[in-house]
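To start, the structure itself, in structure tokens.
The values are calculated or read from the model by the stated rules, or taken from the named source; none is laboratory data. Only a predicted model underlies this, so the values are computations on that prediction, with no experimental measurement involved. For neighbour counting, all protein chains shown are included, and Cβ atoms are generated from backbone atoms with ideal geometry for every residue, glycine included. These accessible areas exclude ligands, DNA and RNA; they are computed on the full protein's heavy atoms, side chains included. Shrake-Rupley method; radii C 1.70, N 1.55, O 1.52, S 1.80 Å.
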Amino acid sequence: MLQQFETPANPKIHRETTGPEIWRDTDGLIDILVSGTGTGGTVTGISQYIKGSQEHGCDPLKPEMKTVAVEPMEQMLLTEAKGGEKIGTQGPHRIQGMGPGLIPKVLDLDLIDEVVAIHSDEATEITHDLWMSGLPVGISSGAIVAASIKVCKRPESEGKFVCCVIPSFGERYFTHPMFQEIKEKAESLTKQPLPEPFDNTEFGFATPRG
């Protein structure tokens, strides 16, 4: 069993790939990282690479980088673990890909500077907006972008380079409730009759039918 919530290979691959990619593509200008926390491997590995990790042989590149973790508002386990208070009713949520109902062993809470909780409704709304903008992402990506918008709107974020991780595209989420309205419209469509055949020779073709 791979045990993605426990295996050290999870954050390791992000130390070796995702972290260097973000550092390279931002020219080292990244100030704030916003990442979801499904298994905890992404946010941990990236932060270890950029902030530094003596245990894993990562020299600090930018130890002052702020790491913001995102979790469902309906399941604020990380917020509580970091000393914060839960908001509203806690329980099931609709943000697939994060909020697994536990704190993963591979997640290094000490690297997280802040936890932003996003409600499933807000994640759905932002995901829809992203789709309409030409970015067909999954709902966890919508939650992460929603959190990033909140962070960017803060006065103290002015002039800061904020990077958020979009972990998946939406093709694997077509059964998600956020697509229910589209599904119902598609199912209600009626078959339209085919047009009457026409003579192709009128358009320069050699035979009447193509």
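Given charges of +1 on the Cβ of Lys and Arg and -1 on the Cβ of Asp and Glu, with all other atoms neutral, how large is the dipole of the range 1-113 about its Cα centre, in debye to the nearest 20?
In total the dipole reaches around 220 debye.
Using the Cα centre of the chain as origin and beta-carbon charges of +1 (Lys, Arg) and -1 (Asp, Glu), tell me which of GLN48, THR201, LEU135 is placed farthest towards the positive end of the dipole.
The residue sitting farthest along the positive end of the dipole is GLN48.
Where does each of CYS164, CYS58 land when they are ordered by accessible area, with a 1.4 Å probe and the largest first?
CYS164, CYS58
Compute the acute angle (0 to 90°) between the alpha-carbon long axis of helix 120-132 and the principal axis of greatest extent of the alpha-carbon atoms of the chain; round to the nearest 10°.
So the helix axis and the longest Cα principal axis differ by about 50 degrees.
Mind listing which GluC sites (Glu not before Pro) in the range 17-74 are in a DSSP loop and have 12 or fewer other Cβ atoms within 10 Å?
Passing both the DSSP loop test and the Cβ count: GLU55, GLU64.
If you average 1/r over every pair of different alpha-carbon atoms in the range 1-156 and take one over that average, what Kirkwood value in Å do you get?
15.9 Å
Going by accessible area, probe 1.4 Å, with all protein chains left in place, what is the ranking of ASP113, ASP108, ASP27, largest first?
From most exposed to least exposed: ASP27, ASP113, ASP108.
Are there GluC sites (Glu not before Pro) in the range 89-186 that DSSP marks as loop and that have at most 14 other Cβ atoms within 10 Å, and which are they?
In loop regions of the range 89-186 (DSSP not H, G, I, E or B), the sparsely surrounded GluC sites (Glu not before Pro) are GLU158.
Let me spell out the model: positive unit charges on the Cβ of Lys and Arg, negative unit charges on the Cβ of Asp and Glu, origin at the Cα centre of the range 99-147. What dipole size does that give, in debye rounded to 20?
For the range 99-147, the charge dipole is close to 220 debye.
Under a crude label model (7 Å from the Cα following the beta-carbon direction), how far is LYS150 from GLU64 in nanometres?
Reported label-point gap for LYS150 and GLU64 is 2.5 nm.
Just the number, please: carbon plus sulfur as a percent of the accessible area of the chain, 1.4 Å probe, no ligands or DNA/RNA counted.
Carbon-and-sulfur percentage of accessible area, whole number: 55.
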